[in-house]
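The structure under discussion appears below in the form of structure tokens.
Every number in this text was worked out from the coordinates using simple rules, so none of it is lab data. Values in this document were obtained by computation on a predicted structure and should not be read as measured data. No Cβ is skipped: glycine too gets one built from the backbone with ideal geometry, and neighbour counts run over all protein chains shown.
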Amino acid sequence: MSAVYDLFKSPKRDAENGGNPVLYARVVSHKTISFSHLVEEMADASSFTPGDLRGVLSTITHAMVRHLSEGNSVELEGLGYFSPILKCERSTERSEISTASVQFTKIRFRTCSCIKEKMATMRLQRKGKSPASVQKSVEEKLSMVLAFLAKQTILTRSNYQKLVGCDKTQAIRDLNNWIEAGIIHRYGSGNQIVYLDK
């Protein structure tokens, strides 16, 4: 699935183009993915239950708040760095700024390089434009699956849908065909099914 973007006018003017406003691209977000949605998605892609995941994430949050409130930065490996940001009264004299006037204002988040590398290949679609409908061949989809398994070891049905851009029915059909052909194997049951290379 592609991310939708649109072009907006910047307050800056382009002197070389008659002073016309400079255009910049911005993602048009149509929804916010909830915590519950993420938990269900992660549970579907792993052997953890939604309760396990909620417990772990709650514990991480409490630990992060404690360390951040002590003035530390926190790194979540594979995600990024969190740091507390402060604000104080505007003044040119240090003596005029008291500790009571210094306050926490926000948390700054800096993504790790691995996320930036993965995001560099994000698919984009201009708002109002219909993406070209390109149907991947069976060979192309299988090649993508084997390349994915070579790096990630296991594949879930939802992983496959996102990988090749198909619906649930087509994903199940494709995966079952490759199981019958002995190319991949299925393990688990219910929401805990994963697919492995032969």
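Couple of notes before you dig in:
- In the chain, the longest principal axis of the Cα atoms and the axis of helix 35-44 are about 30 degrees apart.
- Residue 28 long-range amide H proximity, modeled H, under 5 Å: 4, 5, 6
- Cα-based helix-to-principal-axis angle, 168-180 vs the chain, degrees rounded to 10: 50
- For the chain, size of Cβ-based charge dipole, Lys and Arg +1, Asp and Glu -1, in debye: 580
- Segment 134-197, Rg to Rh (Cα coordinates; Rh as Kirkwood inverse mean 1/r): 0.92
- Structure-derived Kirkwood radius over Cα pairs in Å - corresponding label in [x] 17.2; [y] 21.6; [z] 18.0: [y]
- Separation of the residue 61 and residue 115 label points, Cα + 7 Å toward Cβ, nm: 1.7
- Most positive-pole-ward Cα, 23, 165, 84, against dipole of the chain from beta carbon charges: 23
- Using alpha-carbon coordinates, inclination of helix 138-152 to the longest axis of the chain, degrees: 60
- Packing-based exposure ordering (other Cβ within 10 Å, fewest first) of 58, 83: 58, 83
- Among the listed pairs 31/162; 118/168; 31/116; 116/151; 31/151, those beyond 27 Å (Cα-Cα): 31/151
- Exposed GluC sites (Glu not before Pro) absent: longest stretch of the chain, with sites in DSSP loops and at most 12 other Cβ within 10 Å deemed exposed: 94-198
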